[in-house]
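**Student:** First the structure, then my questions, so here it is.
What follows draws every value from the coordinates through simple rules; no lab data is involved. Remember, predicted model here, so these are calculated numbers, not experimental data. Using ideal geometry, Cβ is built from the backbone for each residue, glycine included, and neighbour counts are taken over all protein chains shown.
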Amino acid sequence: MAGRYDSNPFDEEDVNPFANTSTRGKGAGKSNYGGGTFYMTNPGSVPPASNSRLSPLPPEPADFYNDRTATVDIPLDVSMDLKKKEKELQAKEAELARRENELKRKEEAAARAGIVIEVKNWPAFFPIIHHDIANEIPIHLQRMQYFAFASLLGLTMCLIWNIIATTTAWIKGEGVKIWLLSIIFFISGVPGAYVLWYRPLYNAMRTESALKFGWFFLFYLVHIGFCIYATVAPPIFFKGESLTGILPAIDLLGDHIIVGIFYFIGFGFFCLESLLSVWVIQQVYMYFRGSGKAAQMKREAAAGAFRAAM
């Protein structure tokens, strides 16, 4: 059994890598302790190890990242400009509120007086008239009003095609007079139809006014007469070729086939417009008689004549 201080066979010899091996035999001493062997070197002969650690930074103050006592220099003119802009914004807000209240008061006063404020909403891409059948016309009269509106649009289409046909005739040598007359028909016909008979019918359907119905009947008969005249286009009042009727279409078909075809298409448009207009006035008159508006119109007309006489 090995002794207590016997050497450990697994121990390795402790060798100092910084020791000067050349002086190991001269300045080093060998010592045995507990069975182990190690050398004692001369401390003066070993170069001191260099210290590679950096010196620590000085500590930062406690309020370095949250210095509430630090002052920020703000120019006085900037603060004054901000106060000035704030006052201007407050003044504008007060002015807008005043205008909004005034507009609301006027709308309420107009509503109490029975005045209807109409906003232009048709056509959607360029509103020029107020037109809202779905919300302003009673539901049992909307179908009739839509057909009347189709009659107005049909007249517009007829007069636009009339300009196209007379333009082709002018190019083929029929003269500029017929083209100028077609322009006059369009400029006076479409706005005149809207003001004289469509708008009165629209208001009559909305307000159930008997006098407005009478106004519509009067000028819608003129409209039907013009459509029938344009369908035939006899050279009575104006030169016949200024309207695309059946007579100028037959006359031009022999000389200029393309112009004759254009006039025949216009003749078909005026025929459809005439039939639609006759149907519309028939439906409106049936409603007018069936709802008792005829007797009401007589009473209102008599009252108006009496007031005019007085």
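**Student:** Amide H of residue 122 versus every other amide H placed in the peptide plane: which residues, excluding those fewer than 5 positions away on the same chain, fall under 5 Å?
**Tutor:** The list, which skips near neighbours in sequence, is 128, 129, 131.
**Student:** Bin width 10 Å, alpha-carbon pairs only: give the P(r) of region 138-233 as whole percents, running from 0 to the bin holding the largest distance.
**Tutor:** 15, 41, 26, 13, 5, 0
**Student:** Label residue 104 and residue 211 with points 7 Å out from Cα along Cα→Cβ: what is the distance between them in nm?
**Tutor:** 3.6
**Student:** Give me a comma-separated list of calculated 3J(HN,Hα) values for region 197-209, in order, Karplus coefficients 6.51, -1.76, 1.60 applied at θ = phi - 60°, integers in Hz, x for any Gly or Pro.
**Tutor:** 10, 6, 5, x, 5, 4, 5, 5, 5, 7, 10, 6, 8
**Student:** Between residue 91 and residue 250, what length in nm is gained on full extension when 0.36 nm per residue of separation is reduced by their alpha carbon distance?
**Tutor:** Here the answer is 49.9 nm.
**Student:** Using the Karplus curve 6.51 cos²θ - 1.76 cosθ + 1.60 with θ = phi - 60°, what ³J(HN,Hα) values do you get for each residue of region 86-98, in whole Hz, with x for Gly and Pro?
**Tutor:** Those phi angles translate into 4, 5, 5, 5, 5, 5, 5, 4, 5, 5, 5, 5, 5 Hz.
**Student:** At residue 283 and residue 150, where each label point lies 7 Å from the Cα along Cα→Cβ, what is the point-to-point distance in nanometres?
**Tutor:** 0.7
**Student:** Kindly rank 102-108, 175-181, 264-270, 148-154 from highest to lowest mean number of other beta carbons found within 10 Å of each residue.
**Tutor:** With the highest mean Cβ count within 10 Å placed first, the list reads 264-270, 148-154, 175-181, 102-108.
**Student:** Specify the inter-centroid distance of region 125-189 and region 244-271, based on alpha-carbon positions, in whole Å.
**Tutor:** Centre-to-centre (Cα) distance: 19 Å.
**Student:** Work out the count of Lys pairs in region 95-236 where the Cα-Cα distance is under 28 Å, with the pair 8 or more places apart or on different chains.
**Tutor:** 4
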